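Working notes, beginning with the structure itself.
The values are calculated or read from the model by the stated rules, or taken from the named source; none is laboratory data. Here the structure is a predicted model, which is why all the values come from computation and not from measurement. When we count neighbours, we look across all protein chains shown, and the Cβ atoms used for this are built from the backbone with ideal geometry, even at glycine. Accessible surface is based on the protein model in full, side chains and every heavy atom, while ligands, DNA and RNA are left aside. Shrake-Rupley method; radii C 1.70, N 1.55, O 1.52, S 1.80 Å.
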Amino acid sequence: MSEPCIFCDIIAGKTPARLLHEDEHVAAFADIRPVAPSHILIVPKKHYPTLLDAASAGERDLLGRLLEVAARIAAEHPGADRGFRITINNGASAGQTVYHLHLHLLSGRHFAWPPG
Ligand code: AMP
Ligand code: ZN
């Protein structure tokens, strides 16, 4: 049996989330603990623990779709012209806590560089 996964449960409709986008391959929903005025997660419906897992499985199209959905949602955001940030935390030292690949789309405030 596969490991339980909170994002698979959201995709399956077993755990509630504020969905912003859904298609055959990708879902997007509001982060439960936002770190910016707008904090959206973009996830593949297929479970890959990390970016490296999806890349090494040859998921070029899927990775492109994730970025495309993130860009489309970002462009629709009222503050998009002032900037936004897309982040993938890959592995423990990068702060990954949920091992189902996801993009963070953050907007609505200034983001420092370099990140912490
Ligand atoms: P990361 O630390 O990059 O793995 O990001 C995981 C993100 O998932 C965090 O920002 C969490 O706040 C978020 N998260 C965890 N559980 C849920 C949930 N049930 N619904 C929405 N977001 C969640
Ligand atoms: Zn999953």
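Under a 1.4 Å probe, what is the accessible area of segment 6-107 per residue, stated in Å²? List each step's numbers first, then the result.
On the way: 5790 Å² over 102 residues.
Using a 1.4 Å probe on heavy atoms only, each residue of segment 6-107 averages 57 Å².
Taking a quarter of the surface of the Cα convex hull of segment 45-91 gives a mean projected area of 3.8 nm².
The long axis of helix 60-76 is offset from the longest Cα principal axis of the chain by roughly 30 degrees.
Taken over the C-alpha atoms, segment 6-107 has Rg and Dmax values of 12.9, 36 angstrom.
Could you tell me what percent of the accessible area of the chain is made up of carbon and sulfur, with a 1.4 Å probe and every protein chain present?
Details: 4110 of 7310 Å².
Carbon plus sulfur share of accessible area: 56 percent.
Simple rule: put +1 on each Lys or Arg Cβ and -1 on each Asp or Glu Cβ in segment 6-107, find the dipole, and look at 92, 44, 70; the Cα lying farthest toward the positive end is 92. Extending 7 Å from the Cα toward the beta-carbon at both residue 87 and residue 46 defines two label points whose distance is 2.7 nm.
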